[in-house]
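As structure tokens, the structure follows; a few thoughts come after it.
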Amino acid sequence: MIFDRETEIFMRDYMKDLNEGTAAIFAGAGLSIPAGFVNWQELMSEIAYDLGLGQL
């Protein structure tokens with residue numbers, strides 16, 4: 001597989017961070033939807049209603 005230079009640098013640096021235990025992954029709220037969890041709109045709709053903001 002061929003990657004551009006920026007991707008190769010990222011992968012090298014990320015693998016180094018993984019090995020050092022300093023890497024992290026940011027996953028958005030939508031990642032958990034297939035597992036049956038609510039999305040951002042469903043999570044905030046009751047709070048928005050309570051604040052008089054209507055339905056999101």
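Mind checking which residues of the range 1-39 are part of a helix (DSSP H, G or I) and either within 12 Å of the chain's Cα centre (by Cα) or of a type in the set (S, T, N, Q) (or both)?
In the first step, residues of the range 1-39 are kept if they are part of a helix (DSSP H, G or I); the result is 5-20, 29-35.
Those that are part of a helix (DSSP H, G or I) and either within 12 Å of the chain's Cα centre (by Cα) or of a type in the set (S, T, N, Q) (or both): T7, N19, A29, G30, L31, S32, I33.
With the condition kept exactly as written, say whether any residue in the range 12-22 is surrounded by 10 or more Cβ atoms within 10 Å (Cβ to Cβ) and in contact with an Asp or Glu (Cβ under 7 Å, 6 or more places away or on another chain).
No; the residues of the range 12-22 include none that is surrounded by 10 or more Cβ atoms within 10 Å (Cβ to Cβ) and in contact with an Asp or Glu (Cβ under 7 Å, 6 or more places away or on another chain).
Here is a list: E8, E46. Which entry is among the acidic types (D, E) and modelled with pLDDT under 90?
On inspection, the qualifying residue turns out to be E46.
Does the range 47-56 hold any residues that are surrounded by 10 or more Cβ atoms within 10 Å (Cβ to Cβ) and either in a helix (DSSP H, G or I) or of a type in the set (S, T, N, Q) (or both), and which are they? Spell out how you get there, then give the answer.
Filtering the range 47-56 down to residues surrounded by 10 or more Cβ atoms within 10 Å (Cβ to Cβ) leaves 47-49, 53, 56.
Selection gives I47, A48, Y49.
For the range 32-45, which residues satisfy the criterion of being surrounded by 11 or more Cβ atoms within 10 Å (Cβ to Cβ) and of a type outside the set (V, I, T)? Walk me through it before giving the result.
To start, the set of residues in the range 32-45 that are surrounded by 11 or more Cβ atoms within 10 Å (Cβ to Cβ) comprises 32-33, 37-45.
If the condition is that a residue be surrounded by 11 or more Cβ atoms within 10 Å (Cβ to Cβ) and of a type outside the set (V, I, T), then S32, F37, N39, W40, Q41, E42, L43, M44, S45 are the ones that fit.
Cβ-Cβ below 7 Å, separation at least six or inter-chain, first residue in the range 35-56 and among the small types (G, A, S), second surrounded by 12 or more Cβ atoms within 10 Å (Cβ to Cβ): which pairs?
S45/L56; A48/L56; G54/A48
The values are calculated or read from the model by the stated rules, or taken from the named source; none is laboratory data. Since this is a predicted model, take the numbers as computed values, not measurements. As a convention, Cβ positions derive from the backbone with ideal geometry for all residues, glycine included, and neighbour counts pool all protein chains shown.
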